[in-house]
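Worksheet for the structure shown next.
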Amino acid sequence: MMQLTLLGVLLVKGVYGNVIGIDLGTEAMKIALVQPGAPLEIVTNHFSKRKTETVVAFVRGERFFGGDAYGMLSRKPTESYARFSPLLGASSDVDAKALLAKSYMPMKIVFNETRGGLGIAVGDKELTIEELVAMILGYAKDITRAYGGQSIKDCVITVPSHATQQTREAVIRAAELAELRVLSLIDENTAAALQFGLDRIFNEKRLVLFYNLGSEYAQASLVEYSAFQDKSAKNKSVGQLEIRGKGWALEAGGYHLDLALTELLATAFEKQFPETVKNQKLRTLPRPMAKIRAAAKKVKEVLSANAEIPVHIPSLHEDRDFSTTLTRADLEKASNDVFAKLTGPIDAAISMANVSYDDIDAIEIIGGGVRVPKVQEILRDFLSAHRANDAPALELGLHLNGDEAMSLGAAFHGANVSTSFRVRKVGLVDISPFSVGVKLSSSADESWAKTTNLFKRGAKYGGKAKTIAFQHDADVVCEILYEDDSMGSIALYNITGVAQFAADMRANIPDAKPKVQLSFALDASGLTTISKAEVSLQLEEDDNTTNGAEIYNNTPNTESETTSIQNSSEDTTEINETNKESANNISQDINATQNTNNNETVTPIKKPKILKRSLQIHTLRSGSRTWSSILADAAESKQRLIEAKIADEHRAKLAEARNNLEAAIYATRGAVNEREEELSIVSIQEERDSIRANAEELEEWLYEANDQTPISEFVEKRSKLVDALALLDFRLSERAKRPAALSAARKALATARANATTLWPQEKPWLSTDDLDDLLSKITKVEQWLDDVESQQSQLPPTADPYFKVADIAPKLKPVAALAAKLAAKPKPIPPKTNETVSINATDNSTNSTVNATRNYPEEDASTDPESWDEL
């Protein structure tokens, strides 16, 4: 059983990494952040919102994300792209085009026959679906970094329960393009169930139905909660959950309620203004339909709390304002087809779990679509009708935040998988809703073919590997596929090295019959892969042939389930299961034989030698796409994303430089005009007029500058403009500070001269004449410099640049200050030590004693802390 986490307090194991859980919805995403020393939290975006729209817009060569891009959907629908995540891993454009046509979205879906994958035409380019999703995931990183998450590399991403392996692999590829490492994928309902169980421990088994109505799908999962005693934690009860059943319905989410209202509004407009649709039907126009879709979404939200709503869309088409009124009854009537699909997922989950409706103990509803009153009414009526009369009624639970539970659960899962955190345990078992098999064939013998089941429907994610074994002497083509033919192939591999092994062995063993073992894993992300491929040959007892193969003892394999595929005379497939229990029985039989009566002679059982060699696994195809095309697409997409990021950074810097120059123009011109009288003291009219003229010229130049203008040109022009005004401010500052600075310097020098000539010769007679003369020499030198610069400055007009700077005075005073401080801190020499003996007669009843005491005379205090120059 996989162990997941409960975050009471996150403790760091030593890795300083952050992990995010991303609930990648069709319409919006939510991000949860877990970082060392901080509680789990939902990341807010640049608009301080807790969810971010999964929309990308390309307008005039610039990329927009989230709320900015969502606003473009109505204004520039042909340049905005949304709802593309369900297309991940799709091998056909038929369903995608049908859905887009129903949505009246102008996105152009392209099926690339060469690489066998979907793309979206963006201008004159074709972007893959993975590339667009990578842009969204990259934006999630930027949001988290801005929120305070620092460097983000690891993540857990949610996927719908019905996501196939092609979809799951496409999500991982998109994350890799965004430079994110996917620690694991997790089903949306499983993540919510984990979040629900984090702070709840059920000592008795409890079945909870999670019903999730999102934007695109309706999903139901039946979850069994229980507890076990953790022996490593003093038998403390640890909560655990197991997914028992799953079900879903496509095109049954809240967005399809929006589309039903879209049809109502479009029809109402056509009836009000029939003359506007004579030549061109409204439903063929992207912008009006985008406005209607946006209005329909708001109408649905309002009707979830109100019985009716007035609808007004200004300038919907041909400058016609559209107004009407819709009621909740109108919504429910128009959405009958969608409502009819809502209960199917519950039936499917109950059937898969093989339980009855009476066994359900509670139901939790999540997702934005469950806010619609009719949805809740349908769920109540359905559950009530399918439960026995004496069974307690089920209340629709709202104990979770229906929008955020999935991302929070994903982040908790990531905290455990990353190994960066130590948290208390919660057990989790998730299952696959699909049955997966394998088909084997041989290029050397077209008549040779074998098929068998690998993982049945309901197989546990992250469980034991499944190994199949068969005798063969040629290379093998292995295809992993769903047993439902309509779902297609998962992957195709070429297993090489079998023929070479057989040839090597037959050099010494002519009748060698190699045994091929292929191991398959169903990992925690729901991906079925070949984990190991080996070929082996069992040798006779005295045969020492190796021919480059490794030698192993023939011990039972207890790490995985093994299926032996053997040929019969009728070329049928016979499957024998060998598990851990049978392996233990073999071991017990051997021990029993060896422990017989000691008086009997027991012949020890010799374990035969087995030669093994690892095989090479070459991926030929993933889904319907060749592996080479996937790698080529990834390289091209990576390069385009790098170029797009560089372009975004350049545009940001260019915009900053433009804004800085524009701000400088207004600020400089305003300062010259507003401070005319003040600046006239230190400048002539021509200087001020020159600054104004320069600002005017730059303003005109700014309007003519474009995206091709070098950033350095903006920076250079701003510097020249700002420096011109800064020079005048410098003159003003120097004029104001100069008198006080000169006065303070002369006063400090006078104090130092008085100390050297009058005070210190009396109070500090130990100071040498040379030191005092040196100080006086330095003082005289600085006084002469001050006289000179002050004289030169007095001959200049106030509009001229200063002859010297106030800042020049301090370095000139520094040698004087250093020597004065040294002399002031020089202590009086310590006089020679003298001993004074004092005799003290102390008499008691038995003894007389004389005590000698030595008194050391202390030196006089001399301050070593120099004061200001005024005090010197």
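Odds and ends about this structure:
- Relative contact order of the chain: 10 percent, from C-alpha pairs under 8 Å at least 6 residues apart in sequence.
- For the stretch 54-107 and the stretch 242-271, distance of Cα centres in Å: 18 Å
- Looking at the stretch 111-189, the accessible area is 32 square angstrom per residue; that uses a 1.4 Å probe and ignores ligands, DNA and RNA.
- Qualifying lysines (Cα of each under 21 Å from Cα of LYS450; at least 8 residues distant if same chain): LYS439, LYS466, LYS513, LYS515, LYS532
- Candidate residues LYS51, LYS781, LYS609: accessible-area rank, largest first, probe 1.4 Å: LYS781, LYS51, LYS609
- Computing FRET efficiency as 1/(1 + (r/R0)^6) for GLU301 and GLU790, where r is the C-beta to C-beta distance and R0 is 56 Å, gives about 0.15.
- Pair-distance profile P(r), taking every C-alpha pair of the chain, with 20 angstrom steps and integer %: 11, 28, 24, 16, 14, 6, 0
- Antiparallel bridge percentage (DSSP; both residues within the chain; nearest 5): 80 percent
- Interatomic Cα distance distribution for the stretch 182-286, bins of 5 angstrom, percent: 2, 10, 14, 13, 11, 10, 7, 7, 6, 6, 5, 4, 2, 2, 1, 0
- Among the chymotrypsin sites (Phe, Trp or Tyr not before Pro) found in the stretch 414-465, those both in a DSSP coil and sparsely packed, with 16 or fewer other Cβ atoms within 10 Å of their Cβ, are TRP448.
- Spatially near lysine pairs across the stretch 594-752, Cα under 24 Å, sequence gap of 8 or more or different chains: 5
- For the stretch 483-539, averaging the sequence separation of C-alpha pairs within contact (under 8 Å, six or more residues apart) and dividing by the residue count gives a relative contact order of 27 percent.
- Selection from ALA818, SER335, LEU728 lying farthest towards where the dipole of the chain points positive, charges on Cβ: SER335
- Taking 1.306 mPa s as the viscosity and 10 °C as the temperature, the Stokes-Einstein diffusion coefficient of the stretch 680-828 based on its alpha-carbon Kirkwood radius rounds to 82 µm²/s.
- Peptides 631-644, 740-753 ordered by packing proxy, namely the average of other Cβ atoms within 10 Å per residue, highest first: 740-753, 631-644.
- Probe 1.4 Å, all protein chains present, accessible-area order of TYR217, TYR703, TYR803, largest first: TYR703, TYR803, TYR217
- With protein chains left intact and a 1.4 Å probe, residues in the stretch 430-548 average 43 Å² of accessible area per residue.
- The chain - mean residue ellipticity at 222 nm from DSSP helices (-39,500 (n - 2.57) per run, n ≥ 4, rounded to 500): -12500 deg cm²/dmol
- A protection proxy built from the mean count of other Cβ atoms within 10 Å ranks the segments 496-502, 717-723, most packed first, as 496-502, 717-723.
- Average projection area in nm² (convex hull over Cα atoms of the stretch 277-348, one quarter of hull surface): 6.5 nm²
- Mean separation of Cα contacts under 8 Å (6+ apart) over length of the stretch 137-284, as relative contact order %: 17 percent
- Kirkwood hydrodynamic radius of the stretch 344-434, Cα pairs, Å: 15.8 Å
- Cα extents for the stretch 663-762 along the principal axes, largest to smallest and rounded to whole angstrom: 77, 31, 18.
- Ranking by accessible area, most exposed first, for LEU698, LEU620 with a 1.4 Å probe: LEU620, LEU698
- In the stretch 8-124, inverting the average of 1/r over every pair of distinct C-alpha atoms gives 16.6 Å as the Kirkwood radius.
- Simple label model, 7 Å out from Cα along Cβ direction - ALA340 to ASP321, nm: 4.0 nm
- Inverse mean reciprocal Cα-Cα distance (Kirkwood Rh) of the stretch 700-753, Å: 14.8 Å
- Cα long-axis angle, helix 165-177 against the chain (0 to 90 degrees, to the nearest 10): 20 degrees
- Cα centroid separation, the stretch 739-801 to the stretch 372-448 (Å): 86 Å
- Burial ranking of peptide ranges 357-364, 321-328 (average Cβ count within 10 Å, highest at the top): 357-364, 321-328
- Across all C-alpha atoms in the stretch 136-191, the radius of gyration and Dmax reach 11.8, 34 Å.
- Ligands, DNA and RNA left out, the accessible area of the chain computed with a 1.4 Å probe is 48% carbon and sulfur.
- Counting only residues at least eight positions apart within a chain, or on another chain, the aspartates and glutamates with an alpha carbon under 13 Å from that of LYS805 are GLU734, GLU790.
- Proximal lysines relative to LYS300, as straight alpha-carbon distance under 26 Å, when same-chain residues fewer than 8 apart are discounted: LYS30, LYS49, LYS51, LYS76, LYS97, LYS102, LYS271, LYS281, LYS291, LYS333, LYS341, LYS374
The values are calculated or read from the model by the stated rules, or taken from the named source; none is laboratory data. All of these numbers come straight from a predicted model, not from anything done at the bench. With ideal geometry, Cβ positions are generated from the backbone for all residues, glycine too; neighbour counts draw on all protein chains shown. Side chains are part of the model used for accessible areas, which takes the heavy atoms of the whole protein and leaves out ligands, DNA and RNA. Shrake-Rupley method; radii C 1.70, N 1.55, O 1.52, S 1.80 Å.
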